[in-house]
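J.: Take a look at the following structure, please.
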């Protein structure tokens, strides 16, 4: 039946029983452009999130101050190395910038996600958060030499689950200031990442993307974990 066509005299819908494949083809023609548009929107959101994540403030801020962070301290373009090399002010700018990348990327996914895209809001927001963390770790703008992704991952949580995100920031800062080991604070934050989102109501694929973020960040901390085991890890003051 072709919906929407009615008889003028009776007011009843008119049935076209023999249209067969022609009607089906017409329906498919109407559906496919919507699906294609949804796929394009999702792809654009993911690519945009990756490119935003690739903007490495751990490289940009020191460069504006005349310092090549790759040749300073540990050589890692992250908050801890900027703190050791340039002090609290530049380090705070780097942390804020890197965290905002995650927040903005997740927000893009949340805006695009929904029925029209074929992805749920939570799933696409978490996927874009993953893309931003990947961009931070392997930034296309900086020859794929990035940081460890902690600030960007935590920044994404500020959008995904604001209360949990703020709690994670406070915990990370407290552990870093008291224990002086940013790597330990970062690993603890990653250990709480998926459980915290689950308690905040996330399920299914969105938790899968969150777990992928944890894998990326922890893998990027392999050298730190080795130094912690040997008792050789540098604190933020060294």
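The values are calculated or read from the model by the stated rules, or taken from the named source; none is laboratory data. Note that the structure is predicted; figures quoted are calculated from it, not measured. In this analysis, Cβ positions are derived from the backbone assuming ideal geometry, glycine residues included, and neighbour counts consider all displayed protein chains.
J.: For the condition free of Cβ contacts under 8 Å to residues at least 60 places away in the same chain and buried (at least 24 other Cβ atoms within 10 Å of the Cβ), what is the one hit in 114, 102?
T.: Details: 114 fails: buried (at least 24 other Cβ atoms within 10 Å of the Cβ).
Selected residue: 102, the only one of 114, 102 that is free of Cβ contacts under 8 Å to residues at least 60 places away in the same chain and buried (at least 24 other Cβ atoms within 10 Å of the Cβ).
J.: Wholly within the range 12-97, which helices (runs of 4 or more DSSP H) include no fewer than the required count, namely at least 1 residues that are in contact with a helix residue (DSSP H, G or I) (Cβ under 6 Å, 6 or more places away or on another chain) and modelled with pLDDT under 90? Write out each step before concluding.
T.: On the way: elements: 20-53, 57-64, 79-86.
Passing ranges, in order: 79-86.
J.: What residue, of 228, 171, is surrounded by fewer than 20 Cβ atoms within 10 Å (Cβ to Cβ) and at pLDDT below 95?
T.: Working: 171 fails: at pLDDT below 95.
After ruling out the rest, the residue left standing is 228.
J.: Evaluate the range 203-213: report whether one residue or more is under 23 Å from residue 75 (Cβ atoms), within 16 Å of the chain's Cα centre (by Cα) and at pLDDT 95 or above.
T.: Step one: list which residues in the range 203-213 are under 23 Å from residue 75 (Cβ atoms), which gives none.
Scanning the range 203-213, I find no residue that is under 23 Å from residue 75 (Cβ atoms), within 16 Å of the chain's Cα centre (by Cα) and at pLDDT 95 or above, so the answer is no.
J.: Given (1) surrounded by fewer than 23 Cβ atoms within 10 Å (Cβ to Cβ); (2) in a helix (DSSP H, G or I); (3) in contact (Cβ under 8 Å) with a residue 12 or more places away in the chain, where does residue 233 come up short, assuming only one miss?
T.: So the condition that residue 233 fails would be (2).
J.: For the list (1) in a loop (DSSP other than H, G, I, E, B); (2) touching a helix residue (DSSP H, G or I) at 6+ places or on another chain (Cβ under 6 Å), I need the number of the one condition that residue 168 fails.
T.: Answer for residue 168: the failing condition is (1).
J.: Can you pull out every residue in the range 139-165 that is surrounded by fewer than 24 Cβ atoms within 10 Å (Cβ to Cβ), in a loop (DSSP other than H, G, I, E, B) and touching a residue at least 24 places away in the same chain (Cβ under 8 Å)?
T.: 139, 145, 161
J.: Now a separate question. Any residue at all in the range 202-212 that's part of a loop (DSSP other than H, G, I, E, B) and surrounded by fewer than 19 Cβ atoms within 10 Å (Cβ to Cβ)?
T.: Going residue by residue through the range 202-212, those that are part of a loop (DSSP other than H, G, I, E, B) are 202-204.
Within this subset, residues satisfying the condition of being surrounded by fewer than 19 Cβ atoms within 10 Å (Cβ to Cβ) are 203-204.
Checking the range 202-212: at least one residue is part of a loop (DSSP other than H, G, I, E, B) and surrounded by fewer than 19 Cβ atoms within 10 Å (Cβ to Cβ).
J.: Here is a further query. May I ask you to list the residues in the range 180-189 that are in contact (Cβ under 8 Å) with a residue 40 or more places away in the chain and in a helix (DSSP H, G or I)?
T.: Initially, the range 180-189 is screened for residues in contact (Cβ under 8 Å) with a residue 40 or more places away in the chain, giving 180-184.
The answer is 182, 183, 184.
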